[in-house]
Each structure stands twice: as structure tokens, then as C-alpha cells.
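The values are calculated or read from the model by the stated rules, or taken from the named source; none is laboratory data. On a predicted model such as this, the values are computed, not experimentally measured, just so you know. Glycine also receives a Cβ, built like all others from the backbone with ideal geometry; neighbour counts cover every protein chain displayed.
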């Protein structure tokens with residue numbers, strides 16, 4: 001899901017950073033990927049998408065979880081729960097809380 005770049009501009013600096021989160025009882029390292037694009041509806045404006053992708057894809061634990069969640073396993077940072085959002089923002093140095 002994309003959100004207005006006007007509200008989430010500070011997340012541009014998080015691209016490529018790595019964060020460590022507890023996920024399903026284990027600590028997992030994620031890489032933050034930020035994308036922007038122009039949309040034309042309902043008016044022309046720029047949107048941002050911030051996602052966290054697991055890094056260690058060769059571990060046994062990653063393969064087990066991927067079997068449960070599927071190959072599209074990532075976290076939409078801007079719509080995840082409050083705790084996860086604030087923890088990722090803290091580790092990325094985002095001060096929009």
C-alpha cells in the first residue's frame with residue numbers, strides 16, 4: 001500500500017538500512033526498501049511505499065517461516081502495528097512518532 005509522500009518524507013532516509021525485530025519468537029534481520037512513484041488519481045501526487053524484507057534467506061528458520069507465510073513475506077512498515085512501526089522507526093532514526 002502506498003501513502004502520501006508529504007506525510008512520510010522522512011522515511012526516504014531509511015532505504016537500505018537493516019533492522020532487527022522479533023518475529024514469531026525469533027530475532028530476524030530485515031532490510032528496509034523505500035519506493036516512490038507518481039499517481040494521478042484522485043489528483044496528481046507522489047506516494048511512498050516502505051517495506052521490510054528478511055535478509056537471512058539461507059537459514060533453516062527462514063525457510064520454515066517462508067513455508068507458512070509464502071514467498072511474498074515482507075512487512076508493510078507504514079501499516080504494521082504500532083509497536084513494530086515504532087521499533088522500525090527507532091532503529092532507522094525516524095522521529096515522526
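Checked against the criterion of being closer than 20 Å to residue 5 by Cα and touching a strand residue (DSSP E or B) at 6+ places or on another chain (Cβ under 9 Å), the candidates 55, 19, 50 yield just one match: 50.
Once segment 70-79 is narrowed to residues that are at pLDDT below 90 and within 17 Å of residue 31 (Cβ to Cβ), the residue that is surrounded by the most Cβ atoms within 10 Å (Cβ to Cβ) is 75.
The single condition among (1) touching a residue at least 24 places away in the same chain (Cβ under 8 Å); (2) part of a loop (DSSP other than H, G, I, E, B); (3) under 27 Å from residue 95 (Cα atoms) that residue 16 does not satisfy is (1).
Counting the residues of segment 1-13 that are in a helix (DSSP H, G or I), in contact with a strand residue (DSSP E or B) (Cβ under 9 Å, 6 or more places away or on another chain) and in contact (Cβ under 8 Å) with a residue 12 or more places away in the chain gives 7.
Just one of (1) crowded, with 16+ Cβ neighbours inside 10 Å; (2) touching a strand residue (DSSP E or B) at 6+ places or on another chain (Cβ under 7 Å); (3) modelled with pLDDT of 90 or more; (4) part of a helix (DSSP H, G or I) fails for residue 85. It is (2).
Which of the residues spanning segment 24-74 are more than 17 Å from residue 94 (Cα to Cα), in a strand (DSSP E or B) and within 16 Å of the chain's Cα centre (by Cα)? Result: 27, 28, 29, 36, 47, 53, 54.
The C-beta contact set for segment 57-76 (first residue closer than 15 Å to residue 33 by Cβ, second residue surrounded by fewer than 10 Cβ atoms within 10 Å (Cβ to Cβ), distance under 7 angstrom, 6+ apart or interchain) comprises 76/1. When the residues of segment 30-56 are filtered to those that are closer than 13 Å to residue 75 by Cβ and at pLDDT below 90, the one that is surrounded by the fewest Cβ atoms within 10 Å (Cβ to Cβ) is 53.
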